[in-house]
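Taking it in order: structure first as structure tokens, then the write-up.
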């Protein structure tokens with residue numbers, strides 16, 4: 001691994017990696033059965049430098065801001081590398097946003113350069129407010145041959161000869177502006193420094209080893225804080241390989257594991273749950289005798305490894321399962337939202353440990369992570385090395401707001417000193433999440449502070465905590481609200497809890513499903529029980545990390561359903 005203590009900025013560390021491992025494969029881009037490109041560090045460096053030289057000739061230099069709006073592909077990482085070589089500030093934007101939302105964030109970030117895919121650029125030019133943008137240069141990828149580029153230039157034809165002038169940056173300088181959430185209202189541009197990234201990378205690679213020959217499968221958007229770190233910067237400064245898939249169809253994701261001998265992959269909980277569901281179905285479909293044998297081997301594996309993973313032993317005992325994952329998978333990483341303990345235990349029993357973590361964009365990526373010493377499914381792990389965590393104003397059960405401090409915490413919110421001062425208090429990042437630290441230093445989460453419901457009896461109710469009690473009910477998705485929050489009528493029964501159910505396509509609400517809901521409900525204390533449910537016929541709106549946008553969903557329900565007709569009591 002590159003010694004990150006010897007570097008002042010992200011660009012310098014990446015450049016050193018190119019020189020140290022010139023012949024190692026750093027990036028593979030695949031689209032279904034076709035492999036679009038396979039680049040060594042030498043190849044990647046040459047292409048990145050050519051792009052940086054062209055940016056230099058255009059006048060782009062130190063401290064200027066450039067946005068990238070692209071799906072996972074080699075051009076994303078090459079563009080980021082070129083921008084860092086020129087000392088630029090990267091603004092990675094979510095490609096799933098609308099053209100209008102892109103316009104808002106491009107304007108707020110004051111980006112002067114934009115690198116994007118042709119169809120995203122076309123949407124941006126048609127969006128309200130586009131005329132206000134002051135873009136000096138737009139590079140578009142994969143544009144049709146005779147397409148109207150609307151003032152943009154083709155990425156593929158934008159290159160320069162000779163070495164660019166490398167612009168050095170200091171650790172305290174701005175490296176990225178990352179938008180953490182929400183675009184319809186108040187933009188939250190987290191300003192992350194080079195020191196934030198260098199220190200976070202150093203801490204993570206201390207816990208989880210990357211090296212030449214290791215391969216990371218990138219399925220999360222690279223603009224996401226998790227994948228930017230563990231799917232770009234981290235693997236590169238360790239000489240490892242990143243494998244990008246241009247499709248996320250399950251059959252091609254499954255094929256990528258054995259095809260590319262994947263070592264690591266980061267997932268959001270929803271994708272991990274789908275993977276679990278598929279594995280359970282495959283085991284259940286085995287002939288009875290073989291299914292019995294597999295189940296006994298799974299139990300034997302868990303008994304032998306205890307609470308410390310032993311991947312070599314598990315690969316030997318459960319060879320067919322590990323062979324389906326390519327035989328080289330060491331670990332999965334999951335974060336971004338709540339992960340069911342049963343799911344973590346299922347994969348651990350198979351000998352595929354899942355490092356469950358917790359973090360925020362404001363913290364660079366990760367605050368806590370399970371280091372597997374020992375494996376714990378009931379927490380989000382211990383604080384990352386170099387990060388302090390404390391609980392602010394804990395109640396009688398030790399639950400309070402999680403606060404974090406360390407060198408990975410952002411500097412400030414862009415152009416928002418008021419929000420910054422409310423979020424970073426005496427050097428501590430106030431996360432807005434409610435948690436508790438146990439005696440061993442593991443963090444347990446209970447939900448968002450703003451979602452907490454306080455009853456007239458003084459009881460604190462966390463919707464996420466109640467949702468955990470209904471894990472396994474056979475529906476597509478569900479969410480808990482206070483009835484008065486969905487329909488603010490201030491009626492006497494305002495503290496009643498409501499479950500919003502989204503059924504699977506073609507599924508009907510049956511007596512059996514009602515019985516299952518009532519069975520789960522009876523296990524809860526009286527003050528935590530739901531009093532009714534309402535059916536919602538559209539997929540829940542979600543963030544890039546697949547968290548439910550609770551306020552947006554509530555607004556949609558409030559606008560389309562009436563309490564008197566939609567709420568069914570149980």
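We did not get these values from a lab; they are worked out from the coordinates using the rules stated. Since the structure is predicted, the reported quantities are computational estimates derived from the model, not experimental observations. Positions of Cβ are generated from backbone atoms using ideal geometry, with glycine treated the same way; all protein chains shown enter the neighbour counts.
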Query raised in the report: Quick one, which of [x] -0.58, -1.31; [y] -0.48, -1.14; [z] -0.74, -1.24 is the actual log10 I(q)/I(0) by the Debye sum over Cα atoms at q = 0.08, 0.12 Å⁻¹ calculated for this model?
Result: [x]
Report summary line: Note to self: C-alpha centroids of segment 30-74 and segment 75-115 sit apart, in Å, by 13 Å
Query raised in the report: Given Cα pairs under 8 Å that are at least 6 residues apart, what percent is the relative contact order of segment 452-569?
Result: 24 percent
Query raised in the report: Roughly how tilted is helix 288-305, in degrees to the nearest 10 and between 0 and 90, from the longest Cα axis of the chain?
Result: 70 degrees
**Report entry** Rg [Å, one decimal], Dmax [Å, integer] - segment 452-569, C-alpha atoms
**Finding:** 13.7, 42
Report summary line: Rounded to whole angstrom, the alpha-carbon centroid of segment 213-257 lies from that of segment 388-418 at a distance of 30 Å
Query raised in the report: Could you give the angle, 0 to 90 degrees to the nearest 10, between helix 194-207's Cα long axis and the longest principal axis of the Cα atoms of the chain?
Result: 60 degrees
Report summary line: Going fewest to most other Cβ atoms within 10 Å around each Cβ, 195, 136 line up as 136, 195
Report summary line: By the C-alpha gyration tensor axes a ≥ b ≥ c (rounded if a/c is under 1.5, else prolate when a/b exceeds b/c, else oblate), the shape of segment 4-256 is rounded
Report task. Kindly put 292, 76, 21 in sequence by how many other C-beta atoms sit within 10 Å of each C-beta, fewest to most. Result -> 292, 21, 76
Report summary line: Highest mean packing first, using Cβ neighbours within 10 angstrom, the peptides 283-289, 141-147, 439-445 sort as 439-445, 141-147, 283-289
Query - Highest average packing first - 501-514, 333-346, Cβ atoms within 10 Å - result: 333-346, 501-514
Report summary line: Residue separation between residue 342 and residue 58 times 0.36 nm, minus their alpha-carbon distance, gives in nm 96.8 nm
Query raised in the report: Sorting 12, 62 on the 10 Å Cβ count, fewest up front, what's the list?
Result: 62, 12
**Report entry** Tilt relative to the chain, helix 74-85 - C-alpha long axis, 0 to 90 degrees, to 10
**Finding:** 60 degrees
Query raised in the report: In nm, to one decimal, how far is the residue 518 label point from the residue 281 one, both placed 7 Å along Cα→Cβ?
Result: 3.0 nm
Report task. With label points built 7 Å along Cα→Cβ from the Cα atoms of residue 527 and residue 31, find their separation and express it in nm. Result -> 5.7 nm
Query - Helical mean residue ellipticity (222 nm; -39500 (n - 2.57) per DSSP H run of 4+; nearest 500) of the chain - result: -9500 deg cm²/dmol
Query raised in the report: Modelled label-to-label distance, residue 126 and residue 440, 7 Å Cα→beta-carbon offset: nm?
Result: 5.5 nm
Report summary line: Whole-Å distance linking the alpha carbon centroid of segment 513-545 with that of segment 131-159 is 48 Å
**Report entry** segment 1-43 pair-distance distribution - Cα-Cα, 10 Å bins, rounded %
**Finding:** 27, 39, 24, 9, 0
